[in-house]
Amino acid sequence: MLDVLNTTTVEKRNLAPRDSRKTIGTVNVPNPRMVCRNVNVYYGDKQAIRNVTIDIGCNEVLSMIGPSGCGKSTFLRCLNRMNDTIDNCRVEGDIIFEGNDIYDPSIDVVPLRAQVGMVFQKPNPFPKSIYENIAWAPKIHGIVESKSDADEIVETSLVKAGLWEEVKDRLDQPGTGLSGGQQQRLCIARAIAVSPEVILMDEPCSALDPIATAKIEDLIEELRSHYTIAIVTHSMQQAARVSQRTAFFHLGDLIEVGKTDDVFTKPLHQLTEDYITGRYG
Amino acid sequence: MDLGTRKILDKSFTAVGITSILLMAVALLVVIVPIFSGGIGAIFFKGTIEHRKLQYEEFGNGDREVIQRQIEESDIYRNKVFAMLGEFETELESMTPAESRKLRSSYKKARKVLSHLLGPLPGDQEPILLRYRYGTTRWEQAEEALHDLLYVTKWDYSDPTRMAKQYFVPRMEEFKGTSLAVFFPFMEENLANMMLPEQTFYWGFITERSLDAHIFGGIWAEIQGTFFLAVGAMLFAFPLGVIAAIYFTEYAKDNLFTSILRSANSTLAGVPSIVFGLFGLAFFINTVKVSESKSVLAGSLTLAIMILPTIIRASEEAILAVPKAYKEASMSLGSTKWRTIVTVILPAALPGIITGGIISLGRAAGETAPIIFTAAVSVGATIGIADVFSSPTPALSWNIYNLASEHEAANEIRHVQYGMVLALISIVLLLNLSAILLRARISKKLKG
Ligand SMILES: Nc1ncnc2c1ncn2[C@@H]1O[C@H](COP(=O)(O)OP(=O)(O)O)[C@@H](O)[C@H]1O
Ligand SMILES: [Mg+2]
């Protein structure tokens, strides 16, 4: 009896926090739009992002790839402090935007989120009219004062999002009545309407069909001339098509960053190579 | 399980389901049909000349000339009756007291029934109560009164092991051989000539006040009281409930305090309404003294406390059902939490919140127990909007109970009671219907 107890001693694994792995490639760019230094993110006790350091350049599309659960969304949501809405989420490190650390207590998230807009995985237009979907945010930020201002912003945003021709005759109809691809472009137009500088996109095409996806990809290419875009995608082809730089995440670490061409043709890290050649996903 | 068994199970399940739904429908019919037909009878009935006279004299309704002419018409027959009574009375005078003793008491009884039927008779004192100033206003009441006049109701107690049996003896027999004998067949033949029944549409049942404790007149005071109480309750409970629901869903942290609040709320939802009634009396009237005694205000507050948990729950559910994506979209555009709640979450939750609100409104309108001690009076005048802080009011729910159980003439004014029940049910159903329509409209606007 005693023997049994003694022989089956439970081996306690010591779960000491593991060190973050070093990022290889070039994290720095000349005159970056956003600068992230040693960013750590925790959900309660669990660390989801480890010591990530990366620059996001002006007018570039940065794609973030990696197996699911590696923390791409988590990292992306740090960039406009959307993680604030999650109760037990804690962010450490510096994220510099326009010379300020966005997590500084003196920073107001309201203008920050107007400057760093976001597009979600599932198109989420408000249950309001197409017009209202776009005019709503400029109104609350006081960007528009008159009806004609609002009309103008609605039109330019929809034009930029490539949706104007399709919806100009039914602006008063609900945004939720559009097709999935149109809804997603409406969401992009909605983000553009408050004149952001950075647009964050979290797998914006994963709920769309190939044609709608192609339209969004074209749109991203066009938007690049005005905005900085950070896009999370699970499709490596998409990353290759739309982005200039690619960041590869793995289990909360930023493994490799570099020019998209370089990352996909001659990855420096074994994990990156395994991932892009489809050895795991 | 093999295919055969599964099919049998499916079929029997369907059968049981359909049966229970049918049973419910039948039960509903059994309840609704009599209420409906009885209630309609309060508005749509054969009215006698007495009804028209009353309407003219008390409410100023109707054409004076027409009524005057009809009164003259019916008086031709009534006067003949009065002449018979006069003849009999002189006959009585000429009898010896011993002879007339029994006849007199019988005659007194017959006269009483007759005055109930026709209104005050010649030689009667001017009645003080309004109910004695007019005869029967409804034809079926007149027929009943005629039956009472023609027959004396007797009870047969001969078999002590059985319930007593009712039987009727013609009243004429008591007056055999007197001059009054001709009076009974005359009455039977000429009732319609004396009462002049006409198909009547009495809309005033809804819009007029009651006269002499619902013996005559309508139920407007009750309808208005119900409206004041229910709307008053909503004025307090709806904003409070919605704000509480916002707190629970958007602000409350999961800790001991909020879980106590939550379970308190669930418990309150299950407390019997009479407890709320007593609480309202003890708290609002005796402790806080919102009014000297019963008042619409105290009743509304009590009802508000009663429906608050339901409103909180319905609103909470509606808010929780709003997709998180709306909230995320709003936050990502730089909206503050409060603005997100007001401009995105609440509008999306509105159909559910309104449904909860209107169903609670219906409940507030229908409950009796909470207002017994706090707001309701059985007979009362229609109150003005300024009186709600100090005066009690009649209300449908309470007066239905009162008419059914305590009214001295309950049997004669069944139609009023049915009318009240129908009015109450209609109000509640209308409220629910409008909730459904409103909900459909708003969801359609949201979805497109
Ligand atoms: N709200 C949350 N609470 C707790 N853990 C979370 C939450 N969101 C994400 N995580 C965890 O953080 C890790 C990274 O998630 P996420 O950023 O969504 O990954 P990705 O977008 O790359 O698939 C995952 O292990 C996930 O389980
Ligand atoms: Mg993700």
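The values are calculated or read from the model by the stated rules, or taken from the named source; none is laboratory data. If you're wondering where the values come from, they're calculated on a predicted model, not measured in any experiment. We place every Cβ from the backbone using ideal geometry, glycine too, and count neighbours over all the protein chains shown. These accessible areas exclude ligands, DNA and RNA; they are computed on the full protein's heavy atoms, side chains included. Shrake-Rupley method; radii C 1.70, N 1.55, O 1.52, S 1.80 Å.
General observations
- The stretch A:119-148, subset open to solvent by less than 10 Å² (accessible area, probe 1.4 Å) and within 16 Å of ligand 2 (Cβ to nearest atom), residue nearest to A:Phe75 (Cα to Cα): A:Val119
- Selection within the stretch A:218-249: residues that are within 16 Å of ligand 2 (Cβ to nearest atom) and either on the phi > 0 side of the Ramachandran plot or surrounded by fewer than 21 Cβ atoms within 10 Å (Cβ to Cβ) (or both). The member of this set that is nearest to the other protein chains (Cβ to nearest Cβ) is A:His234.
- Of the residues A:Glu166, A:Glu145, A:Glu132, A:Glu152, the single one that is more than 23 Å from the chain's Cα centre (by Cα) and within 12 Å of chain B (Cβ to nearest Cβ) is A:Glu132.
- Remark: A:Thr260 falls outside the filter, which requires a residue to be of a type in the set (Ser, Thr, Tyr) and out of contact with any Ser or Thr (no Cβ under 6 Å at 6 or more places or on another chain).
- Qualifying residue in the stretch B:114-136 (condition: assigned to a loop (DSSP other than H, G, I, E, B), more than 34 Å from the chain's Cα centre (by Cα) and in contact (Cβ under 8 Å) with a residue 40 or more places away in the chain): yes
- A single member of A:Asp3, A:Asp55, A:Asp45 is at pLDDT 80 or above and over 22 Å from the mean Cα position of the chain (by Cα), and it is A:Asp45.
- Test result for B:Ser390, of a type in the set (Gly, Ala, Ser), open to solvent by 40 Å² or more (accessible area, probe 1.4 Å) and more than 30 Å from A:Val110 (Cβ to Cβ): yes
- Any hit, the stretch A:266-273, residues being open to solvent by 10 Å² or more (accessible area, probe 1.4 Å), over 29 Å from B:Ala329 (Cα atoms) and touching a residue at least 40 places away in the same chain (Cβ under 8 Å): yes
- Single condition B:Val290 does not satisfy, out of (1) assigned to a helix (DSSP H, G or I); (2) under 17 Å from B:Gly232 (Cβ atoms); (3) in contact with a helix residue (DSSP H, G or I) (Cβ under 7 Å, 6 or more places away or on another chain): (1)
- Those residues of the stretch A:176-188 which are under 17 Å from A:Leu219 (Cβ atoms) and not aliphatic (A, V, I, L, M), in sequence order: A:Ser179, A:Gly180, A:Gly181, A:Gln182, A:Gln183, A:Gln184, A:Arg185, A:Cys187
- In this structure, B:Ser332 qualifies as among the polar types (S, T, N, Q) and under 13 Å from A:Trp136 (Cβ atoms).
- Selection count where residues are assigned to a helix (DSSP H, G or I) and within 16 Å of ligand 2 (Cβ to nearest atom), scope the stretch A:75-112: 7
- Cross-chain or 6+ apart pairs with Cβ under 6 Å, the stretch B:316-332 first and facing another protein chain (nearest Cβ under 7 Å) and more than 15 Å from A:Thr176 (Cα to Cα), then open to solvent by 20 Å² or more (accessible area, probe 1.4 Å) and part of a helix (DSSP H, G or I): B:Met331/A:Thr85
- Residues in the stretch A:173-213 that are within 11 Å of chain B (Cβ to nearest Cβ) and surrounded by fewer than 19 Cβ atoms within 10 Å (Cβ to Cβ): A:Gln173, A:Gly177.
- Within the stretch B:143-184, tally of residues that are of a type outside the set (Lys, Arg) and either outside the structural domain of B:Leu114 (by TED's automatic domain parsing) or assigned to a helix (DSSP H, G or I) (or both): 18
- Where B:Asp254 falls short, out of the listed (1) out of contact with any strand residue (DSSP E or B) (no Cβ under 6 Å at 6 or more places or on another chain); (2) at pLDDT 90 or above: (2)
- Looking only at the stretch A:54-66, residues that are near ligand 2 (Cβ under 10 Å from one of its atoms) and surrounded by fewer than 22 Cβ atoms within 10 Å (Cβ to Cβ) come to 0 in all.
- Candidates in the stretch A:232-256 are the residues that are over 12 Å from A:Gly66 (Cα atoms) and touching a residue at least 60 places away in the same chain (Cβ under 8 Å); of these, the one that is farthest from ligand 1 (Cβ to nearest atom) is A:Gln244.
- For the residues B:Leu433, B:Leu429, B:Leu422, the requirement of being over 30 Å from A:Ala135 (Cβ atoms), buried (at least 20 other Cβ atoms within 10 Å of the Cβ), more than 14 Å from chain A (Cβ to nearest Cβ) and not basic (Lys, Arg) singles out B:Leu422.
- Out of B:Gln68, B:Gln55, one residue alone is open to solvent by 30 Å² or more (accessible area, probe 1.4 Å), in a helix (DSSP H, G or I) and closer than 18 Å to B:Leu118 by Cβ. It is B:Gln68.
- Only one of the numbered conditions (1) in contact (Cβ under 8 Å) with a residue 12 or more places away in the chain; (2) open to solvent by 60 Å² or more (accessible area, probe 1.4 Å); (3) not in a loop (DSSP other than H, G, I, E, B) is violated by A:Arg170, and that is (3).
- Residue tally, condition open to solvent by 60 Å² or more (accessible area, probe 1.4 Å), within 8 Å of ligand 1 (Cβ to nearest atom) and within 14 Å of chain B (Cβ to nearest Cβ), over the stretch A:67-102: 1
Results for (1) assigned by TED's automatic domain parsing to the domain that holds B:Met420; (2) within 30 Å of B:Ile341 (Cα to Cα); (3) open to solvent by less than 20 Å² (accessible area, probe 1.4 Å), shown as yes or no for each residue.
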{"position": "B:His214", "(1), (2), (3)": "no, no, yes"}
{"position": "B:Gly232", "(1), (2), (3)": "yes, yes, yes"}
{"position": "B:Ala245", "(1), (2), (3)": "yes, yes, yes"}
{"position": "B:Ala264", "(1), (2), (3)": "yes, yes, no"}
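- Contacts under 8 angstrom Cβ, first residue in the stretch A:113-139 being assigned to a strand (DSSP E or B), partner within 16 Å of ligand 1 (Cβ to nearest atom) and hydroxyl-bearing (Ser, Thr, Tyr), 6 or more apart: A:Gly117/B:Ser332; A:Met118/B:Ser332
- B:Glu222 vs. criteria in a helix (DSSP H, G or I) and open to solvent by 20 Å² or more (accessible area, probe 1.4 Å): no
- Hits in the stretch B:173-205 - residues which are open to solvent by 50 Å² or more (accessible area, probe 1.4 Å) and in contact with a Phe, Trp or Tyr (Cβ under 7 Å, 6 or more places away or on another chain): B:Asn193, B:Phe201
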